[in-house]
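One structure is given below, encoded as structure tokens.
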Amino acid sequence: MTEKLKVGLYWAASCGGCEIAVLDIDEKILDVVAVADIVFWPVAMDTKYEDVERFPDGYMDVCFFNGGIRTEENEHMAKLLRRKSKILVAFGSCAVEGGVPGLANVWGPDDIFRTAYLESPSTPNPEKVVPQPRVDVEGGELTLPRLLDKVRPLAEIVDVDYYLPGCPPPPELVAAALDAIVSGNLPPKGSVLAPNHTLCKDCPRNPTPGEERPQIKEMPDIKRIYEVDEIDPDKCFLEQGLICMGPVTRSGCNARCIKGNFPCTGCMGPLDGVKDIGAKMISTLGSILMLSREREITEEEAEQLAEKVKDYIGTFYMYGLARSYIGRWLR
């Protein structure tokens, strides 16, 4: 009998949705457990640090690491699991790009603690207590991992073999990745385990089906969701004035948000070769606005349109700020 593969899963700075995504492959999980043993999964198994440290280097055939690197503990575990794994997969938007936690990189740890524990009107804290790395209590000492200066994608800390994007990764791609690992039919190291074309190419609303970027007849304005009385479920969001990240976002999600009548926010990340998804989208949006008018936009028009984007970082860098060029300049 062929020895089963040894699989590990770890949850760093993320919401936990990636843990659920593993179960979203439904009955496919039975095929996985037939050929693989999960030897490390803190959310489901009582595994201690010393248990993992006792693993021989390269003990796990593959480890799916979800979450960005926010704390000293995250960094320690990333380095430990890199040593203990033959294949390390950055699993989900937070591990691949920093994800939503990466938006905190606009501020430092002191700012975050002050807002969360001292200034928030919904947090009663008359004694002004702020979490500390070490606190003496009756019976011993309590410790918390220290926050790093900013959130980092996994690949900034350790060598990553493969990337599986998404918030969370779509079950179809998770199943395909597992099949590739089990069969040994993996692409070159460093590959993103998702299609390398834009969401627009697969989008049912694209006015020019199959095109990487839709040929928008008109984008008359820039609006926020609440400013649209009724969103047409069949019409491209951009033609309705709503910013949709589809033209610069990798496909592979089966357009779930689009089919739910909500614009793409970019969780699948950019295509190969794109280093800054926000800059790419701003450039694309400018082109669409100009081409749909069939003339150059005046400086005054450009300023008026720019003012309608109320949150540039949240709009264009919801998942990719930590990995972007602008994110590297922060702090």
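The values are calculated or read from the model by the stated rules, or taken from the named source; none is laboratory data. These figures come from a predicted structure and were not determined experimentally. Backbone-built Cβ (ideal geometry, glycine too); neighbour counts: all protein chains shown.
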Could you give every pair whose Cβ atoms fall below 8 Å, whose first residue belongs to the stretch 28-54 and is within 10 Å of Leu9 (Cβ to Cβ) and of a type outside the set (A, V, I, L, M), and whose second residue is modelled with pLDDT under 90 and not in a helix (DSSP H, G or I), counting only separations of at least 6 or pairs across chains? Phe40/Thr47; Trp41/Thr47
Could you tell me whether Phe316 is crowded, with 17+ Cβ neighbours inside 10 Å and under 23 Å from Asn206 (Cβ atoms)? yes
Candidate set from the stretch 5-27 (those that are over 16 Å from Cys63 (Cβ atoms) and touching a residue at least 24 places away in the same chain (Cβ under 8 Å)); member that is surrounded by the most Cβ atoms within 10 Å (Cβ to Cβ): Ala13
Exactly one of Asp61, Asp57 is in a loop (DSSP other than H, G, I, E, B) and either within 25 Å of Asp37 (Cα to Cα) or of a type in the set (Gly, Ala, Ser) (or both), and that residue is Asp57
Go through the residues of the stretch 254-261 one by one and say whether even a single one is under 30 Å from Val174 (Cα atoms), surrounded by 21 or more Cβ atoms within 10 Å (Cβ to Cβ) and touching a residue at least 12 places away in the same chain (Cβ under 8 Å). yes
Taking the stretch 264-279 only, how many residues are surrounded by fewer than 19 Cβ atoms within 10 Å (Cβ to Cβ) and closer than 19 Å to Ile313 by Cα? 3
Condition first: of a type in the set (Asp, Glu) and surrounded by fewer than 17 Cβ atoms within 10 Å (Cβ to Cβ). Can you find one or more residues in the stretch 201-212 that meet it? yes
What is the residue count in the stretch 91-114 for residues that are more than 17 Å from Asp311 (Cβ to Cβ) and in a helix (DSSP H, G or I)? 11
Apart from one, (1) crowded, with 21+ Cβ neighbours inside 10 Å; (2) assigned to a loop (DSSP other than H, G, I, E, B) all hold for Ile181; the odd one out is (2)
I'm told Gly286 meets every condition in (1) under 30 Å from Ala177 (Cβ atoms); (2) surrounded by 13 or more Cβ atoms within 10 Å (Cβ to Cβ) except one. Can you identify the failing condition by its number? (1)
What is the one condition in (1) within 29 Å of Ala322 (Cβ to Cβ); (2) modelled with pLDDT of 90 or more that Tyr59 does not satisfy? (1)
Which residue out of Gly266, Gly286 is under 21 Å from Asp311 (Cα atoms) and either out of contact with any Ser or Thr (no Cβ under 8 Å at 6 or more places or on another chain) or touching a residue at least 60 places away in the same chain (Cβ under 8 Å) (or both)? Gly286
Of all the residues that make up the stretch 136-169, how many are within 21 Å of Ser324 (Cα to Cα) and in a loop (DSSP other than H, G, I, E, B)? 11
Being within 24 Å of Ala155 (Cα to Cα), among the basic types (Lys, Arg) and part of a loop (DSSP other than H, G, I, E, B) narrows Lys310, Lys275 down to just Lys275
